[in-house]
1. For a test of the definition: using alpha carbon positions, the gyration tensor, and the 1.5 limit on a/c, classify the stretch 160-312 as rounded, prolate or oblate.
2. So which lysines pass the test for residue 125, namely a Cα distance under 19 Å, with those fewer than 8 places away in the same chain ruled out?
3. Is any residue of the stretch 64-108 close enough, with backbone N under 16 Å, to a label point placed 7 angstrom from the Cα of residue 165 along the Cα-Cβ axis, and if so, which?
4. Using R₀ = 51 Å, calculate the FRET efficiency as 1/(1 + (r/R₀)^6) where r is the Cβ-Cβ separation of residue 100 and residue 259; round to 0.05.
5. For the stretch 186-270, with only Lys/Arg (+1) and Asp/Glu (-1) charged at the beta-carbon, what is the dipole magnitude about the Cα centre, in debye rounded to 20?
6. Sort the stretch 74-117 into rounded, prolate or oblate with this rule: let a ≥ b ≥ c be the square roots of the eigenvalues of the Cα gyration tensor; rounded if a/c is under 1.5, and if a/c is not under 1.5, prolate when a/b is larger than b/c, oblate otherwise.
7. Residue 47: accessible area at probe 1.4 Å, nearest 10 Å²?
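The values are calculated or read from the model by the stated rules, or taken from the named source; none is laboratory data. The model shown is predicted, which means the values in this text are computed figures rather than measured ones. Don't worry about glycine lacking a Cβ; one is built from the backbone with ideal geometry, like all the others, and counts go over all protein chains shown. With ligands, DNA and RNA removed, areas are computed over all heavy atoms of the protein, side chains included. Shrake-Rupley method; radii C 1.70, N 1.55, O 1.52, S 1.80 Å.
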Amino acid sequence: MQFQLLESLFENTMKYITEKTSALFLIIILVSCTPKKNNFDASGSFEAEETNISSEASGVIKQFNIEEGQTLSAGQEVGYIDSIQLFLRKKQLVAQINALLGKKPNVTVQLASLKQQLQTAETEKNRIINLLKSNVATTKQLDDINAQIEVLKKQIEAQKSTLEISTEGLNKDATPLQIQIEQLNDQLAKCRIINPINGTVLSKYAEKNEITSPGKPLYKIADLSTIILRAYITDNQLPLVKLNQKVKVLTTDQNGGYKETEGFITWINDKAEFTPKTIQTKDERANLVYAIKVKVKNDGYFKIGMYGEIKY
């Protein structure tokens with residue numbers, strides 16, 4: 001009798017445990033199968049406006065003082081390309097121009113003799129006029145001196161015109177050489193490697209003593225003081241966003257929480273695209289999404305390729 005009671009008590013206990021375990025297991029399954037609600041509206045990754053700086057000249061890189069991760073300022077000279085041959089060509093052209101312009105006639109000197117003759121003739125004319133008043137000279141003498149003065153004036157004008165034409169011709173001959181010097185000055189300026197924008201060097205493609213050519217990339221730079229989060233939204237979210245709208249940008253911090261930063265929507269794509277494989281939008285079932293760009297001030301925390309989320 002006592003044995004039957006113990007057996008019945010054991011069966012009831014096992015039945016109770018089985019029921020409770022099944023219920024607990026069912027709750028766990030239901031909880032695990034319940035879809036989690038995202039606490040963000042869109043997500044994406046950070047990128048920057050990258051610029052490839054290329055060579056504008058050909059030759060050997062004589063100096064190239066940059067390293068990846070280095071911060072550069074706009075207008076900073078970071079190196080130069082061999083320009084000796086260009087400089088020598090410029091010197092040659094300068095010498096040719098000096099030799100050519102050295103042949104220009106000295107108009108003042110070459111006209112000095114005729115002008116002196118004209119001055120003497122005019123003095124003689126005044127003397128004849130005075131003598132004519134005293135009836136010492138004749139009108140023929142006055143007519144002769146006037147004719148002589150007119151001839152001298154025409155000779156001076158003709159000589160002056162000839163000298164000016166010669167000077168103008170030499171100047172025109174020198175003009176193409178001067179243009180070639182300006183071209184060489186431009187090429188010499190392009191031999192200097194000048195950084196055009198403020199930013200951080202992301203990649204370096206060339207080294208000192210390598211030969212480069214126009215269009216060959218030297219390094220990649222980006223201004224990381226502001227960084228862009230490219231996120232994706234679905235079509236039903238599109239009416240909720242607009243340009244220059246303030247949004248909250250969330251990134252995971254070192255403690256597993258979220259770092260919150262303010263950003264502005266600077267671009268909204270007007271065309272839909274397929275959801276990138278690495279991106280999960282709020283509506284994970286959507287096949288087409290719209291890309292947006294959110295500009296964020298960067299204090300050095302955000303990195304290119306880092307994952308981020310936004311709330312608006």
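1. Working: a/c = 3.62, a/b = 2.61, b/c = 1.39.
Prolate, since a/c reaches 1.5 and a/b exceeds b/c.
2. 115, 133, 140, 153, 154
3. Counting only backbone N, you get 105.
4. Details: r = 71 Å, r/R0 = 1.38.
It comes to 0.10.
5. On the way: 11 positive and 9 negative charges, 47 e Å.
I would put it at about 220 debye.
6. Numbers: a/c = 11.90, a/b = 3.30, b/c = 3.60.
Oblate, because a/c is 1.5 or more while a/b does not exceed b/c.
7. Counting only protein heavy atoms, residue 47 exposes about 50 Å² to solvent.
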